[in-house]
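The structure appears below as structure tokens.
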């Protein structure tokens, strides 16, 4: 099978996240099983126009704003009739391939944007984007869809997609599972982890506020913040940290390597995630695979990746005060904490890319389409 995959980012893009890990890991498995995959994506600073990675091809066109038009033109000039299947990945804005590709086409939707518009885009374009998303989703409601969570499925149903057309595949992780929790050595002081680029929709500042409140009760508590902080919001968070009397107990590491990420996920006592919305929350599953439970806000995606009081804790209210209480609740009961670590680790084994690939292939074969 030849698959043409439209998406605006690849894993090398500085803005890449969990969605790109999913799509390219699936592509790697597709190639290993004899299929061909071409991605049409946006270019970025100093990027190669074309690249072969693990057997699949990435063609970079334009930038994050112009890629939709450039991909359409490239397809028309070079790829009409090449593919057996076209995948239109909706990462905020779809490529609308149903209107110009001649091949069978489906949507790959990790998450909808919805309220994220009001965190990441300035007025009045946030309102325009929010309204337009509602309109263009209705134009695509007849498509078959692959998604990664029940939350995104419910979002799509609200816009008229047929339930029978929406297929959920398992998320996966390529970080590698810890073989035995007994070999994990946590930091000597209770330590929570904030991981990922600092953007408004991630609400990193809420984690810092919750840390301050929790530290008044757990005096030896530490916080590690890892991720790109060069955005305007990131700099705001760092200024906020520097005003705290507890700033010596907060370590900011900036961007880190995958090896460092794995080390932190093993040695910290909990990962804390406060996003406005996620497709799933891959870093939660990755942390679980290293024996570390998560404390998260009760939002789409995160409430899918965390089983409350089984693999971690989900806040009743999405604010620093409730988050602080959950941090204390998790760290002050050693027996319950160890139970959550064990359960999170065990269940994370069920979330793997072998399973994702099998489910993906069941969906894209002739019977499903």
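Values computed for the structure shown
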quantity: Residue 251-residue 51 FRET efficiency (beta carbon distance; Förster radius 45 Å; 0.05 resolution); calculated: 0.80
quantity: Ranking of 67, 178 by count of other Cβ atoms within 10 Å, fewest first; calculated: 178, 67
quantity: Mean Cβ neighbour count within 10 Å, used as a protection proxy, ranking 69-78, 238-247 highest first; calculated: 69-78, 238-247
quantity: Ranked list, fewest to most other Cβ atoms within 10 Å of each Cβ, for 1, 171; calculated: 1, 171
quantity: Over the range 181-348, relative contact order from alpha-carbon pairs under 8 Å, at least 6 apart, %; calculated: 24
quantity: Centroid-to-centroid separation of the range 199-234 and the range 323-363 [C-alpha atoms, Å]; calculated: 22
quantity: Calculated FRET efficiency for the pair residue 125/residue 322, C-beta based, R₀ 35 Å, to 0.05; calculated: 0.65
quantity: Full-stretch length increase - residue 98, residue 350 - with 0.36 nm per residue and alpha-carbon distance subtracted; calculated: 87.3 nm
quantity: Gain in span if fully extended, residue 334 to residue 359, counting 0.36 nm per residue against the direct Cα distance; calculated: 5.2 nm
quantity: Antiparallel %, DSSP beta bridges [both residues in the chain], to 5; calculated: 10
quantity: Cα shape, the range 83-124, gyration tensor, a/c 1.5 rule; calculated: prolate
quantity: Relative contact order of the range 64-175, defined on C-alpha pairs under 8 angstrom at six or more residues apart (%); calculated: 20
quantity: Projected label distance in nm at residue 258 and residue 141, using a 7 Å step from Cα toward the beta-carbon; calculated: 4.1
quantity: Extended-chain gain in nm, criterion 0.36 nm per residue less alpha-carbon gap, residue 158 and residue 16; calculated: 48.4 nm
quantity: Angle between the chain longest axis and helix 353-364 axis [Cα atoms, degrees, rounded to 10]; calculated: 30
quantity: Spatial separation of Cα centroids for the range 274-320 and the range 25-56, in angstrom; calculated: 30
quantity: Those residues of the range 305-343 whose amide nitrogen sits under 18 Å from the label point placed on residue 183, 7 Å along Cα→Cβ; calculated: 342
quantity: Inter-label distance, nm, simple model (7 Å from Cα along the C-beta direction), residue 174/residue 77; calculated: 3.0
quantity: Rel. contact order, % - alpha carbon contacts under 8 angstrom, at least six apart, the chain; calculated: 14
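Rule-based calculations on the coordinates, nothing more; no lab input. Just so you know, these numbers come straight off a predicted model, no measurement behind them. Because the Cβ atoms are built from the backbone with ideal geometry, glycine has one as well, and the counts that use them run over all protein chains shown.
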